[in-house]
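Below: the structure, in structure tokens.
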């Protein structure tokens, strides 16, 4: 195993540990509830208060994963990035930029609590872990922008988690029910700069929990080689200059964060920096966004879809 592989696995271990803690403390009664049920006013009056509330909030947020030892872990890695790799401050961002990587949201939260430094949102992907196509994402901890249930002649739209904060991700639509049908489907994506919006058509997958990453575009026949900036593609309307995209191998084995300097309409994106990896025809480009909401369309009766922030990869302890 290489040092870079070991580092990525540690990013993910920290994130998964936080996720696991959040999942564990989302079940059962809170400390406040347990104290409140004591039926002993002397005890309750002594214990209940802001401290016990803060404990419940911290546990459900996963904040207790950020122990002093994690601050030491961060310090050791910053020393490695600076002294051994000769990277510039902020060291973790320089390291991520050198690899084209991003870190899980839960890792970024733990890093902030341990160091006081907030990793810039382009280097952070949405919460949870990536699931396989046709797998139910509701237990994967992913950020859900919105749900859409169609009953009779109308749709019911519910904001779940809303817009992303301190991260950005591709927008994923899953078919909560099989064969959602309907027509003229479109989402409005708010791109990574937080202000540019794009209305992007999509077709829900016919299979229950089938996936559709909205706005994805295949790389053209010429490919996009490392060491150069051009990313050829046949359609560019869903992208915008001065925004980030994610380049992804067709088997999802490699992702690379790219800032778009310019666009030649329906021909190519031009990156600000030379690519770190090589991508070939039919590898994918995803627009990164901070929000995604239903813009238009209908579904078949009693059908539903959900709109998610798609994590870059599967993460594990």
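The values are calculated or read from the model by the stated rules, or taken from the named source; none is laboratory data. Not measured: the values here are computed from a predicted model. Here Cβ is always computed from backbone atoms with ideal geometry, including for glycine, and neighbour counts include all displayed protein chains.
Remarks
- Scan of the stretch 72-103 for residues that are surrounded by fewer than 22 Cβ atoms within 10 Å (Cβ to Cβ) and part of a loop (DSSP other than H, G, I, E, B), ordered by number: 85, 86, 87, 88, 89, 90, 100, 101
One line per residue, one yes/no per condition, for (1) under 29 Å from residue 183 (Cα atoms); (2) buried (at least 18 other Cβ atoms within 10 Å of the Cβ):
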| site | (1), (2) |
| --- | --- |
| 279 | no, yes |
| 286 | yes, yes |
| 293 | yes, yes |
| 297 | yes, yes |
| 302 | yes, no |
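- In this structure, residue 270 does not satisfy being surrounded by fewer than 20 Cβ atoms within 10 Å (Cβ to Cβ), within 15 Å of residue 218 (Cβ to Cβ) and in contact (Cβ under 8 Å) with a residue 40 or more places away in the chain.
- Total residues in the stretch 104-144, condition under 16 Å from residue 246 (Cα atoms) and surrounded by fewer than 24 Cβ atoms within 10 Å (Cβ to Cβ): 5
- Among the residues of the stretch 28-57, those identified as modelled with pLDDT of 85 or more and either under 24 Å from the mean Cα position of the chain (by Cα) or on the phi > 0 side of the Ramachandran plot (or both) are 28, 39, 57.
- Those residues of the stretch 196-225 which are more than 18 Å from residue 173 (Cβ to Cβ) and in a loop (DSSP other than H, G, I, E, B), in sequence order: 196, 219, 220, 221, 222, 223, 225
- Look at (1) under 14 Å from the mean Cα position of the chain (by Cα); (2) at positive phi and you find that residue 165 fails only one, number (2).
- Scanning the stretch 9-26 for residues that are out of contact with any helix residue (DSSP H, G or I) (no Cβ under 7 Å at 6 or more places or on another chain) and surrounded by fewer than 18 Cβ atoms within 10 Å (Cβ to Cβ) yields 9, 10, 13, 20, 23, 24.
- Condition check for residue 132: in a loop (DSSP other than H, G, I, E, B) and either without any contact (Cβ under 8 Å) to a residue 12 or more places away in the chain or under 17 Å from the mean Cα position of the chain (by Cα) (or both): yes
- Test: residue in the stretch 54-64 that is buried (at least 17 other Cβ atoms within 10 Å of the Cβ) and within 30 Å of residue 254 (Cβ to Cβ): yes
- Number of residues in the stretch 227-261 that are in contact with a strand residue (DSSP E or B) (Cβ under 6 Å, 6 or more places away or on another chain) and part of a loop (DSSP other than H, G, I, E, B): the value is 9.
- Scanning the stretch 114-133 for residues that are in contact with a strand residue (DSSP E or B) (Cβ under 6 Å, 6 or more places away or on another chain) and farther than 12 Å from residue 96 by Cβ gives 126, 133.
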